Structure formats: C-alpha cells, structure tokens
Amino acid sequence: MYPPEFVKRIFKQEYIDADGLMQAMNLPAPVSIRLNRNKWNRPPAGEDSVPWSESGYYLEKRPSFTMDPLFHSGCYYPQEASSMIIEEVYKQLKPKNEGIRILDLCAAPGGKSTHLSSLLGKHGVLISNEVIRSRASVLAENVTKWGLGNAIVTNNDPSSFTELKEYFDFILVDAPCSGEGMFSDPAVRNEWSADNASLSAQRQKRILSDVWPALKEGGCLIYCTCTFNPAENEENIKWLAEKTGSESLTFDLPAYADIQVIKHEGITGYAFYPGRIRGEGFFCSVLKKPHRDNVQGSHFVNKIYNPLTTFEIKTAEMIADCNKENLFRSDDTVYSLALPVEEYFFLKKSLRILKGGTTLFKSRKDSFTPLHDLALSLLLRKDAFYSSELDYSQSVKFLRRDTIVLKSVPEDWIILTYMGINLGIGKNIGSRMNNYYPVEWRIRMSESPSKDINLIEWV
Ligand code: SAM
C-alpha cells in the first residue's frame with residue numbers, strides 16, 4: 001500500500017509512468033556494489049555491470065556483507081546503482097588535474113564519499129561531512145576502510161561551511177529527503193507524509209543556502225535526492241539558480257536512454273525511475289556558480305617545511321610517497337593528513353574534524369604502536385611489516401576480536417590479510433596474537449563462520 005496523497009500526486013506528475021513505478025517498487029530493490037579498484041580488481045562472477053559506473057556491479061542475490069572479510073577490508077562498498085551516476089557527472093565536469101577540493105556535505109554512511117574518493121585519487125582532497133554524530137562515526141569507519149588517504153571526515157551542521165568562502169571546486173549535496181525512491185522498503189513508505197515531504201523541501205533550501213558561499217566561482221554544486229517529489233528536486237534547484245544567477249548544466253547521457261531528462265523552467269535534472277532503470281529512485285541536477293568580481297576567497301599560508309625529525313624518518317619507513325607537508329604529530333600520535341598541515345588548521349578553525357587523513361602510529365619513548373587506519377591504508381608500504389594470510393574462519397575470528405594463534409611468524413607486529421588484502425594488524429607474542437582490531441567495529445553477529453554463508457563469488 002502506498003500513501004494515498006503520494007499516489008494522487010504521482011499520477012499527475014509529468015514524466016512518470018505511475019503504474020509501472022509502483023509495481024516496480026513492490027519488488028525487492030536491486031542489490032549492487034561498487035569495487036574499490038585500488039584494492040580489489042576482480043568483478044563478481046557472472047553478474048551484470050552497472051552501465052554508468054566502471055566499478056559498479058549488480059548482484060543477483062543479497063550476500064552477507066557483515067560476514068565477508070573483503071567488505072571489512074574495504075574491497076567494495078554496497079551502493080545503490082542509480083546513485084553511481086555521480087561518476088559520469090563528475091567525469092563530464094572535467095575537473096582540473098590537481099589541488100581539487102570537494103565537499104560531500106551530507107555524506108553518511110559514505111557511498112558517494114568513497115566513490116568520490118576513488119574518482120579524485122591523488123588529484124585533491126575530499127571533505128566528507130555528516131551532521132549527525134553517530135552517523136559521522138560510521139562515515140569515518142567506511143572512509144578508513146576505503147583507505148585512499150585523500151579524505152577528511154567532519155561532523156558539522158551545513159551552516160559551519162558558510163564561512164569557508166569560495167573554498168570548494170565541487171560540492172555534493174545528497175540531501176536528506178522524503179525518500180520516495182526507496183519505497184520498496186515498507187519502513188520508508190510508513191514514514192512518508194505530504195507534510196514531511198514539504199518540510200523536507202524547506203530543509204533542503206536551508207542546507208543549500210548555507211553551503212552555497214563555500215563554492216568557488218565557476219565551481220559546481222551537484223544536488224541529489226532519492227525522491228520523485230518536484231518540490232524537493234527541480235523546484236528547489238530552480239529556486240537556487242534564480243537566487244544565485246547560476247547555470248543549470250546538461251550532460252551527455254545518450255547511452256543511458258532510460259534515465260529521464262527533466263526540463264523545468266530552464267532547469268535540467270536527471271531522474272531514475274524504478275521499472276525503467278535497474279536501481280532505486282534518484283534525482284540529480286548540477287548548478288555552475290557564476291563568475292563575479294571582487295570576491296574574497298579563503299586563504300591560508302603555506303609555510304616552508306622544517307628539517308626531518310625522528311617521527312618523519314619512522315613514517316618514511318612505513319608509508320610510500322610520504323608527503324612531509326602533510327605529516328603531523330599531536331601528543332604521541334602521528335598522522336599523514338589528507339592536506340598540508342597549514343590548510344588542516346585553517347579548516348579546523350571552522351570545522352569539527354573527526355578524521356584528518358590517515359592515523360599512522362603512536363610513538364612514545366620506549367614503545368611504538370602502528371594503528372588500524374595505517375593497516376588498511378593504501379599508503380602502507382608492503383615491506384613495512386611481516387604479514388600473515390588468514391583463512392576464512394580465522395579472518396572472521398579476527399574481525400570478532402577473538403584471540404587467534406599464528407604459527408611460524410615472528411614475535412612482532414603482523415599485518416593480517418585475507419585473500420591477499422589487509423584486514424588489520426596484531427602483535428604476535430608467541431602463545432597468541434594480541435588482536436588490535438578496533439573494538440567498536442568488531443563483528444557482533446553470533447552466526448558461526450562455519451555455517452553456510454552466502455558470500456560473493458569473484459572472477
Ligand atoms: N550521501 C550518503 C551516501 O551516499 O552514503 C547518503 C546521505 S543521506 C541521503 C542524507 C544525509 O543527510 C544523512 O546522513 C542525514 O543524517 C543527513 N542530514 C540529516 N539532516 C540534515 C541536515 N539538516 N543538514 C545536513 N545533513 C543532514
């Protein structure tokens with residue numbers, strides 16, 4: 001059953017085949033994942049790829065992500081297929097080659113942030129923000145597992161970004177919305193009301209107004225929702241375009257004819273309707289900020305760098321391409337920040353930063369502790385530590401933070417791998433291995449690893 005007011009509106013709405021849409025949303029939503037090609041390049045066996053993403057794949061059956069060590073090592077992320085269109089949009093925006101600054105404003109749990117982190121690579125920095133504290137922690141966990149080291153995670157209200165004037169080249173606003181595109185989940189349907197949908201549209205306006213000053217002249221704001229509601233989609237974008245004199249951009253998507261192009265009073269949006277595309281409901285539209293005169297952007301000073309210190313030498317032993325400008329020590333913890341230290345402190349004046357990049361190790365006079373963030377990071381040099389391959393059941397034990405015993409490995413720090421990919425780190429003390437998997441991330445499911453678990457099969 002769909003809410004009657006939703007049904008009434010959807011039948012009147014341009015572009016939509018209401019019957020087809022509602023039938024499609026009575027079926028379970030398609031399952032899809034996106035690979036982290038920097039860690040894992042094997043596609044799932046016999047599965048279709050998502051047409052608009054080079055790393056996206058549908059899965060016929062929903063696997064047990066929680067019981068899959070490769071999920072915990074950041075080899076892939078379960079992400080709804082329609083939303084992977086930001087890849088095509090980002091590529092067509094032809095970002096410059098270096099120093100790009102991207103804000104993902106409403107980022108938890110991290111589907112689009114991990115995607116942007118991959119698309120951005122070494123060309124810049126992603127600021128991945130989430131306003132709700134508990135959700136921001138999950139975001140930080142997923143960004144850590146992804147391991148690219150080019151993202152920082154913040155926990156702020158959109159209004160905190162207003163003062164970062166003209167700082168970002170791109171801003172993604174994946175706005176909280178009425179969620180109509182996810183009505184295949186009955187819980188989302190039950191929460192819907194016309195009043196909530198209209199409150200949602202108001203909230204989106206507030207979010208967009210707050211963050212707009214942080215976008216550079218000529219920069220682009222990518223706006224998305226997972227609703228069909230015009231008030232939250234094209235009407236909001238039209239409102240912002242008029243208020244700011246910005247241009248609504250069009251994209252070349254002929255290969256994906258089933259994506260609906262929405263034209264609305266000078267605005268172009270792209271809509272994904274279940275039944276027509278293999279994915280959930282989604283909307284995306286991009287505005288380009290006009291150039292104006294006399295705008296004062298955000299500035300920070302890049303200082304000359306000091307000579308090598310002990311912690312820098314230690315770091316260079318552990319991470320490849322060690323960028324000294326980004327190295328930072330606070331008390332006994334050493335970080336490889338995603339951006340130069342001065343820029344980090346510039347952001348810290350306005351933002352609550354939960355994760356500034358990669359946390360490498362703790363170092364006191366007589367002790368040295370490498371951290372989990374380092375173990376999962378692609379910055380880690382292969383030869384920095386001894387490593388030991390675990391089988392499936394040992395891997396699950398490790399992820400549960402149980403004690404494991406390793407044979408024929410030195411009494412030292414050991415990187416634990418599963419199918420060749422780093423899962424974490426432990427310290428072998430002979431009789432057992434001390435497990436350093438983060439307590440708050442451990443698998444809590446009571447399912448036994450020996451039971452028939454449905455895992456993805458890889459090519
Ligand atoms: N981008 C995420 C992803 O791809 O995994 C999904 C984001 S979800 C659609 C919207 C996010 O906005 C939620 O994490 C929610 O907590 C956050 N949010 C809720 N109220 C907000 C507000 N007033 N301002 C900014 N973000 C808000």
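The values are calculated or read from the model by the stated rules, or taken from the named source; none is laboratory data. Because the structure is predicted, anything quoted here is derived from the model rather than measured. No Cβ is skipped: glycine too gets one built from the backbone with ideal geometry, and neighbour counts run over all protein chains shown. Side chains included, ligands, DNA and RNA excluded: accessible areas come from the protein's heavy atoms. Shrake-Rupley method; radii C 1.70, N 1.55, O 1.52, S 1.80 Å.
Things to note:
- Surface composition of the chain: carbon plus sulfur atoms contribute 49% of the solvent-accessible area (1.4 Å probe, protein chains only, all chains present).
- Residues whose amide H falls under 5 Å from that of Ile404, counting only those 5 or more places apart or on a different chain, are Met433, with hydrogens built in the peptide plane.
- Local electrostatic count at Leu455 - Lys and Arg +1, Asp and Glu -1, tallied over other residues with Cβ under 11 Å: -2
- Amide hydrogen proximity for Glu166: with H placed 1.01 Å from N in the peptide plane, the residues at 5 or more positions away or on another chain lying under 5 Å are Ala214, Leu215.
- Whole-number percent relative contact order across the chain, with pairs defined as alpha carbons under 8 Å at least 6 apart: 16 percent
- Summarising the label geometry, the points placed 7 Å from Cα in the beta-carbon direction at Asp366 and Glu5 lie 6.9 nm from one another.
- Taking amide H positions as modeled 1.01 Å from N, with prolines and chain starts lacking one, the residues under 5 Å from Glu130 and 5 or more places away or on another chain are Ala107, Thr154, Asn155, Asn156.
- FRET efficiency for Thr333 and Asp48, using Cβ-Cβ distance with R0 set to 41 Å, rounded to 0.05: 0.40
- Straight-line cross-link partners of Lys94 among the aspartates and glutamates, defined as a Cα under 12 Å from its Cα and at least 8 positions apart when in the same chain: Asp169.
- Length-normalised contact order of the stretch 82-145 in % [C-alpha pairs under 8 Å, at least 6 apart]: 36 percent
- Stretchable slack from Arg206 to Tyr386, in nm (0.36 nm times residue separation minus alpha-carbon distance): 59.7 nm
- Remark: the chain carries 45 Å² of accessible area per residue (probe radius 1.4 Å; ligands, DNA and RNA excluded).
- Label point at Val409 placed 7 Å out along Cα→Cβ; residues across the stretch 311-325 whose backbone nitrogen lies under 20 Å: 318-319
- Lysines whose Cα lies under 20 Å from that of Lys243, excluding same-chain neighbours fewer than 8 positions away: Lys165, Lys205, Lys216, Lys263, Lys288, Lys289
- If R0 is 41 Å, the Cβ-Cβ spacing of Thr162 and Lys324 corresponds to a FRET efficiency of close to 0.80.
- Backbone geometry of the stretch 249-255 corresponds, through the Karplus equation with coefficients 6.51, -1.76 and 1.60 at θ = phi - 60°, to 3J(HN,Hα) couplings of 8, 10, 10, 9, 10, x, 5 Hz, x marking Gly and Pro.
- In whole angstrom, the chain maps to an equivalent ellipsoid with semi-axes of 39, 29, 17, each derived as √(5λ) from the alpha carbon gyration tensor and ordered largest first.
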